[in-house]
Amino acid sequence: MTPNIHYENREIEGERLELSKGSIYWLGPNVTLRRCTLVLGVASRWLNLVSGQLIDCTIQAKSELKNLRWTTMGLKGCRFEGRFTGNDFGFREEHFDKWRLGGVEDCDFSGARLDACRFYGCDMRTVQLPRWPCFTLLDPCRRTEELRRVEWPGRFGRVVIDDLVDQEEGMVALAYHAPSIADQLDTTAEELRAVLEGLVGIVM
């Protein structure tokens with residue numbers, strides 16, 4: 001039977017926590033990690049982010065971490081390293097975010113590769129984002145009509161931009177890794193960059 005390892009109802013400070021394959025991990029409820037290094041060596045299905053706070057921590061993904069929701073965790077002053085695909089950060093007003101601890105403040109993603117990652121309900125002015133070949137659309141939902149008027153290469157406009165109408169209003173930023181999304185949508189990173197460089201509200 002796969003062992004369950006729980007970090008709950010306590011504060012951990014200044015430790016290196018290695019979450020390795022072979023176990024199911026639970027962060028929370030009511031856990032605070034302060035100035036810790038969190039090394040994630042497991043797939044997202046083996047990691048349950050229940051509720052808690054990560055303060056001044058370094059989060060390292062040893063392999064690509066896919067489709068993980070950080071929206072029940074309060075992230076403050078944290079640095080992310082590694083590859084994150086389809087991850088959600090921030091606070092979402094949903095029934096399973098009932099602890100209302102989710103959020104992102106003063107965090108540094110500049111050393112991470114973000115692809116199809118969404119940010120909710122946070123002030124992106126406090127967030128350091130990765131540069132090219134990653135790029136981030138700021139306030140994309142409020143700018144949907146403006147972005148629809150852009151002549152996007154390949155299927156990027158039909159797939160990514162047209163989908164913005166179905167996203168929640170609380171999404172304040174959408175980050176992609178250009179080579180990865182270009183490969184999926186019949187274009188190239190260079191063609192995307194040529195369009196993005198002429199737009200406002202883009203971090204790259």
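The values are calculated or read from the model by the stated rules, or taken from the named source; none is laboratory data. Note that the coordinates shown come from a computational prediction; the quantities given were computed from them, not determined experimentally. Methodologically, a virtual Cβ is constructed for each residue, glycine included, from the backbone with ideal geometry; neighbour enumeration extends over all protein chains shown. What goes into the accessible areas is simple: the full protein's heavy atoms, side chains included, and nothing from ligands, DNA or RNA. Shrake-Rupley method; radii C 1.70, N 1.55, O 1.52, S 1.80 Å.
Among 200, 195, 165, which is the only one that is over 28 Å from residue 43 (Cα atoms), open to solvent by 70 Å² or more (accessible area, probe 1.4 Å), of a type in the set (A, V, I, L, M, F, W, C) and assigned to a helix (DSSP H, G or I)? Write out each step before concluding.
Values: 200 fails: assigned to a helix (DSSP H, G or I); 195 fails: open to solvent by 70 Å² or more (accessible area, probe 1.4 Å).
Just a single option satisfies the conditions, and that option is 165.
Out of everything in segment 20-42 that is within 11 Å of residue 65 (Cβ to Cβ) and not small (Gly, Ala, Ser), what residue ends up being surrounded by the most Cβ atoms within 10 Å (Cβ to Cβ)? Step by step, filter segment 20-42, then rank; the result is 40. Tallying residues that are free of Cβ contacts under 8 Å to residues at least 24 places away in the same chain and open to solvent by 20 Å² or more (accessible area, probe 1.4 Å) within segment 43-71 yields 12.
Going by what's in this entry, would residue 151 be described as open to solvent by 60 Å² or more (accessible area, probe 1.4 Å), touching a residue at least 60 places away in the same chain (Cβ under 8 Å) and not in a helix (DSSP H, G or I)? No; evaluated as a whole, the condition is false for this residue. Kindly establish whether residue 74 is of a type outside the set (A, V, I, L, M, F, W, C), part of a strand (DSSP E or B) and surrounded by fewer than 19 Cβ atoms within 10 Å (Cβ to Cβ). In short, no. Scanning segment 112-135 turns up no residue that is open to solvent by less than 60 Å² (accessible area, probe 1.4 Å), assigned to a loop (DSSP other than H, G, I, E, B) and closer than 23 Å to residue 6 by Cα.
Condition first: at pLDDT 95 or above and either in a strand (DSSP E or B) or not basic (Lys, Arg) (or both). Can you find one or more residues in segment 97-105 that meet it?
Among the residues of segment 97-105, at least one is at pLDDT 95 or above and either in a strand (DSSP E or B) or not basic (Lys, Arg) (or both), which makes the answer yes.
Scanning segment 42-64 for residues that are in a loop (DSSP other than H, G, I, E, B) and more than 20 Å from residue 13 (Cα to Cα) yields 42, 43, 62, 63, 64. Candidates are the residues of segment 136-148 that are under 19 Å from residue 88 (Cα atoms) and touching a helix residue (DSSP H, G or I) at 6+ places or on another chain (Cβ under 7 Å); the one that is least open to solvent (accessible area, probe 1.4 Å) is 140.
Condition first: at negative phi, loosely packed, with under 14 Cβ neighbours inside 10 Å, touching a Cys at 6+ places or on another chain (Cβ under 9 Å) and at pLDDT below 95. Can you find one or more residues in segment 170-177 that meet it?
no
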